[in-house]
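None of the figures in this text is laboratory data; all of them are computed from the coordinates on show. None of the values given here were measured: they were computed from a predicted structure. Methodologically, a virtual Cβ is constructed for each residue, glycine included, from the backbone with ideal geometry; neighbour enumeration extends over all protein chains shown.
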Amino acid sequence: MPKPLIAIIAAMQPELDYLLEQLDNRQDSVAGAVHFHRGEIKGVQVILALSGIGKVNAALTTSIIIERFMPDYIINTGSAGGLKGGIQIGDVVVGNEVAHHDVDVTAFGYVLGQVPQLPPRFFSNQHLIDAAKQAAQVFTGARIHTGLIVSGDQFIGTAEQNRFIKEKFVDVVAVEMEAAAIAQTCYQLNTPFVIIRAISDNGDANASISFDQFLQQAGRNSAQMVINLITSNLKMS
């Protein structure tokens, strides 16, 4: 049986570096401003891409990957702010649900975060969620959490922002700036996905300091979890 081709997207270089270090038989290509690196990680065929920060960059990169490479799965890796009580810096979050926190068309009867004509939340592929749970059993780098990740084009670094998101999305686990755009693009282009993020800060007044200090650790933890996932006997989608 042929092995799946897996595309892995990160927004920032420190979130991609560990994966690049593990990449064998590397072939580089460029589309517009987006650089792609194709090869193998522990025998698994992968495409690594650096999207840049924010939802437009993430959606653009995801669209190009799907059109050009037709991957079986897409994984978004990187850092996030932890909003769930008890979550710690370095912990890994598997996003089984993803939503926009900065979309508001509620005046027309939509749920906060819902893009018109689309669902209010996007769901990661169940096969990838199951593989992530299997990978978590042998992952010793940090604790693993599963739940809702929300995205917006803003860095959450104040108590007011933190409080607003937790009030409006009561089951939120983490917040970042790309996942919902990747999830929405995958949904619209019928490509299975999962979001894997590690915590770099707590989305509070100290977030910018914590983010700078722990970005590399978070990027590595997330990348290690991704490697565990893709080597867990994933089948074709």
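Being closer than 27 Å to ASN206 by Cα, assigned to a strand (DSSP E or B) and out of contact with any Leu (no Cβ under 9 Å at 6 or more places or on another chain) is true of VAL93.
Among the residues of segment 125-155, those identified as touching a Gly at 6+ places or on another chain (Cβ under 6 Å) and closer than 22 Å to MET225 by Cβ are ALA142, ILE149. Among the residues making up segment 182-211, a single one is buried (at least 24 other Cβ atoms within 10 Å of the Cβ) and part of a loop (DSSP other than H, G, I, E, B): GLY203.
Looking only at residues that are over 18 Å from GLY78 (Cα atoms) and either within 13 Å of the chain's Cα centre (by Cα) or free of Cβ contacts under 8 Å to residues at least 12 places away in the same chain (or both) in segment 98-113, which one is surrounded by the most Cβ atoms within 10 Å (Cβ to Cβ)?
Of segment 98-113, the ones over 18 Å from GLY78 (Cα atoms) are 101-113.
Checking which are either within 13 Å of the chain's Cα centre (by Cα) or free of Cβ contacts under 8 Å to residues at least 12 places away in the same chain (or both) leaves us with 104-111.
On the way: ASP104: 13, VAL105: 13, THR106: 11, ALA107: 6, PHE108: 7, GLY109: 8, TYR110: 16, VAL111: 14.
Only one residue tops the list, namely TYR110.
Report every pair of residues separated by at least 6 positions or lying on different chains whose Cβ atoms are under 7 Å apart, first residue within segment 196-218 and more than 23 Å from ILE182 (Cα to Cα) and touching a residue at least 60 places away in the same chain (Cβ under 8 Å), second aliphatic (A, V, I, L, M) and surrounded by 15 or more Cβ atoms within 10 Å (Cβ to Cβ). Sorted first by the residue in segment 196-218, then by its partner, the pairs are ALA207/ILE156; SER210/ILE89; PHE214/ILE89.
Of all residues in segment 46-73, which are polar (S, T, N, Q) and in contact with a Gly (Cβ under 8 Å, 6 or more places away or on another chain)? Lay out the reasoning, then the answer.
Taking segment 46-73 first, the residues polar (S, T, N, Q) are 51, 57, 61-63.
Residue satisfying the conditions is THR61 alone.
Selection over segment 117-146 of residues that are of a type outside the set (Ser, Thr, Tyr), under 27 Å from LYS168 (Cα atoms), under 15 Å from the mean Cα position of the chain (by Cα) and not in a strand (DSSP E or B) gives a count of 3. Just one residue in the set VAL98, VAL44 is in contact with a Phe, Trp or Tyr (Cβ under 7 Å, 6 or more places away or on another chain) and within 17 Å of ALA132 (Cβ to Cβ); that residue is VAL98. Figure legend. Inter-residue proximity from segment 160-180: first residues in contact (Cβ under 8 Å) with a residue 12 or more places away in the chain, second residues among the charged types (D, E, K, R) and outside any helix (DSSP H, G or I), beta-carbon distance below 8 Å, spacing 6+ or different chains. Indicated pairs: ASN162/ASP204; VAL172/LYS84; VAL173/LYS84; ALA174/LYS84; ALA174/ARG197; GLU176/ARG197; MET177/ASP153; ALA179/ARG197.
Report yes if THR106 is more than 19 Å from VAL194 (Cα to Cα) and hydroxyl-bearing (Ser, Thr, Tyr), otherwise no. Against the criterion (more than 19 Å from VAL194 (Cα to Cα) and hydroxyl-bearing (Ser, Thr, Tyr)), THR106 qualifies.
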